[in-house]
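*Asks:* Before I ask anything, here is the structure I am working with.
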Amino acid sequence: MNVVARLLGLLLLLSATACSTIGPAQHERAAAIAVSARDTAVECERADRCATPSELHALAGAAFAEAQAGPGQGPRHYALILDTGGDALLARINLLRSATRRIDLQTYIFDKDDSARLVIDELLAAARRGVKVRLLIDQLSAIADLQILAALSGAHSNLELRIYNPTFNRAKPNYMHYAASVLCCFRRFNQRMHNKLLVVDGAVAITGGRNYQDDYYDWDAEYNFRDRDVLVAGPVVRGMERNFAEYWTDPRSVPVERLDDVAKVLLQQGVPEMPPSRPAVPERVELMSQAAADQDLVRERLVSRALPVGKVSYLADLPAKHHEGPDPEAGAPGLAELLARARSEILLQTPYLVLSDSALEVFRGLRKADVPPRVVVSTNSLAATDNPIVYALTYKYKRRNVRELGFDVFEYKPFPADPPVAVSLGAWWPGDPLAPTPTTARSEVPGSLGSLAGSGSGSGSGRNGDDGRVEDKLRTETRPSLLRTSAPANRPVPVRGEGPRMGVHAKSMVIDRRIAVVGTHNFDPRSENYNTEAVVVIEDPVFAEALARSIERDIAPANSWTVGPRARPPVLSGLNYSMGKVLEASPVLDLWPWRYATNYEFQPGPDCPAPLPRRDPDFHRCYAPVGDFPEVSLGPKSILTRMLTAFGAGLVPIL
């Protein structure tokens, strides 16, 4: 009976969704409306398309020239770590204005808030001066405004927008479409394009963890991601451009004007005007626009820190992963090979410490060495994470990570004392007294950040036609936005502090202080099996050391808590450990109340002048336990977290 009921429900859902589709002839007419409306005028007749001179773009010319001058040395590149959100946005705007031929932009999330709209306007400006612009967005978190999408579909002949893997051929599926997709085609629905890539003129590129939304650029007044990108200039960018082309021509990438809901807009009203920009903080947008044109500032903040590097490679999945399965030469397998070669140390930063089976196999293999490499992990605490359900699984396997795998784990604080933010470029910073106060207290929306309306937050301030729905404000990479209201447990949890908080979103790795990795891969089952991913690998000791220092800043006592074993109880310590280990392995039960490890805060003093490793005999003398969930203001939510810990193991493959 249950099977019959599910089939009947599926048929009802599919019939409901089928009623909203349009026929082939209407699709062709809608596409014709968009194409015919596209402006073909070009504002610049110069060969360089009136590009703004950019020393950042010029790094590519220097890299190509050095590569040609020294054929025996291998290709030369320049690489720059983009640690602050302000610098990451500054670099993007500067490069977009410097484009002379082509801009390819690929991303998972593209919002319509201040930072995203600034980028949209720059893309349109580039197209109008003669640059070919290709914009590819995954459907799950594409621009959530049909008027903007329809306007972009017919804006200019030099700008094309495609949506990757659209559910039921729509840009904005509703709840019924999501439900039907889960019932009828769960795997396809979960196959997402997680890649983030910006390529300018096939010569300089940016890739890493950041999407196009205010909380990736430190512009959100409530919650910002501690993220990281890398800018690369030189020959490897040609391969990055070819990888983009594979996605662009894949059947899953659909021109936006051919999606049912966008086509309906075009059929009903033609190509609409682009909705006016109404920035939440206009002064900040203007500041960034001016900064991108300030050559001295760009030189100081970006160009002067770019490093000449040796071997650079781009490990990226192909869209064939969604047709034929993972490529053994790309993505996760390539990273596994790098990890397996580690000899002395691995620094790993990931927002979600939920390891795939293959990652577990690699780390267990490393433990068998005569002298295993030290593995240091920077990840989120419950107070800092954007995804409490995933953290619950991290919590469940804390003993395994610390004891069995030997990880030195550091959990990021929601209000780090020394965060990498560029206040001069308009960032809100943790504890910022100038951050607007939400109109709704956090406690009024259990488990959420509260209402952001009127808060100055770029991702939810009620403008640009935003209806103020919570799901439009709290989109993250791990859950579809339309399901946000039905999953309140999966929003950032309430915390005791005020002002913007931060959570780790960077995906980076340093191996033996020699190999640096920056990209989109989380080392989890979703990255390995469902999403397509991409990373840049730079084999250069100077660059690797710079990345290592960046991660070490995040794990410093001012910014992270140290995860360490609890002091051994005077009685029954063996029983406690054994019971915890046995129940941890159970997929349905883990209610043992005494965890093997917890969080500690460093207590400096005359006898403790510097931080100590957790294995040091004096560790418990210099570190004070702060509990499993420091800074969290949960109340009953702690019970929910325990329940997720107890019963959540079966969710690992899709989280």
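Taken together, the values in this text are just the output of simple stated rules run on the coordinates, not laboratory data. Computed from a predicted structure; not experimentally measured. FYI the Cβ positions are ideal-geometry reconstructions off the backbone, even for glycines, and counts take in every protein chain you see.
*Asks:* Hey, rough spin-label estimate for ASP294 and ARG242, points 7 angstrom out along Cα→Cβ, what's it come to in nanometres?
*Replies:* That separation, rounded to one decimal, is 4.1 nm.
*Asks:* Another question, then. Which order do ILE538, ILE33, ILE103 fall in if you start with the one that has the fewest other Cβ atoms within 10 Å? Don't skip to the answer; put the middle values down first.
*Replies:* Numbers: ILE538 27, ILE33 20, ILE103 23.
Fewest-to-most ranking of ILE538, ILE33, ILE103: ILE33, ILE103, ILE538.
*Asks:* Antiparallel as a % of all DSSP beta bridges within the range 55-308, to the nearest 5? All intermediate terms of the calculation are to be shown ahead of the outcome.
*Replies:* Details: 23 of 37 bridges.
Among the beta bridges of the range 55-308, antiparallel pairing accounts for roughly 60 percent.
*Asks:* At 7 Å along the Cα-to-beta-carbon direction for both GLU345 and GLU552, put a label point, then send me their distance in nm to one decimal.
*Replies:* Rounded to a tenth, the inter-label distance reads 0.6 nm.
*Asks:* Answer with one residue from LEU123, ALA144, PHE168: the one whose Cα lies farthest towards the positive end of the charge dipole of the range 55-308, charges on Cβ with Lys, Arg +1 and Asp, Glu -1.
*Replies:* PHE168
*Asks:* What ranking, highest mean first, results for peptides 619-627, 133-141 when packing means the other Cβ atoms within 10 Å averaged over each residue? The partial results should precede the final answer.
*Replies:* Working: 619-627: 15.8, 133-141: 24.3.
Packing proxy ranking, top to bottom: 133-141, 619-627.
*Asks:* R0 = 30 Å: FRET efficiency of ASP48 with ALA320, Cβ-based, nearest 0.05? Numbers along the way, then the final one.
*Replies:* Numbers: r = 36 Å, r/R0 = 1.21.
The computed FRET efficiency comes out at 0.25.
*Asks:* Whose amide H sits under 5 Å from the amide H of ARG101, counting only residues 5 or more places off or on another chain, with H placed in the peptide plane?
*Replies:* Those qualifying (amide H under 5 Å, at least 5 residues apart or on another chain) are ASP201.
*Asks:* Given the Cα-Cα distance of TYR175 and ASP121 and 0.36 nm per residue of separation, how much length would full extension add, in nm? Please list the in-between numbers first.
*Replies:* Values: separation 54, 0.36 × 54 = 19.44 nm, distance 3.06 nm.
Fully extending the segment from TYR175 to ASP121 adds 16.4 nm.
*Asks:* With a point put 7 Å past each Cα toward its Cβ, work out how far ARG101 is from ARG568 in nm, to one decimal.
*Replies:* 6.6 nm
*Asks:* Sticking with this structure for a sec: So, by mean Cβ neighbours within 10 angstrom, what's the order for 283-292, 383-392, 209-218 with the highest one leading?
*Replies:* Values: 283-292: 17.2, 383-392: 25.7, 209-218: 28.9.
Order by mean packing, descending: 209-218, 383-392, 283-292.
*Asks:* Rounded to the nearest 0.05, what FRET efficiency do ARG188 and GLU28 have when you use their Cβ-Cβ distance and R0 = 30 Å?
*Replies:* Details: r = 25 Å, r/R0 = 0.84.
Here the calculated transfer efficiency is 0.75.
*Asks:* Report the Rg/Rh value for the range 55-308, based on alpha-carbon coordinates and the Kirkwood definition of Rh. Can you show the working numbers first?
*Replies:* Values: Rg = 18.6 Å, Rh = 19.0 Å.
Reported Rg/Rh (Cα atoms, Kirkwood Rh): 0.98.
*Asks:* Using alpha-carbon pairs under 8 Å, 6+ residues apart, how would you state the relative contact order of the range 55-308 in percent? The partial results should precede the final answer.
*Replies:* Numbers: 472 pairs, mean separation 77.8, N = 254.
Result for the range 55-308 is 31 percent.
*Asks:* What full-extension length gain, to one decimal in nm, is calculated for SER36 and ASP616 as 0.36 nm per residue of separation minus the Cα-Cα distance? Write down the numbers at each step before the final one.
*Replies:* Details: separation 580, 0.36 × 580 = 208.80 nm, distance 7.07 nm.
Fully extending the segment from SER36 to ASP616 adds 201.7 nm.
*Asks:* Using 0.36 nm per residue of separation minus the Cα-Cα distance, give me the extension gain between GLU66 and MET274 in nm, one decimal.
*Replies:* Values: separation 208, 0.36 × 208 = 74.88 nm, distance 4.36 nm.
Gain in length upon complete extension: 70.5 nm.
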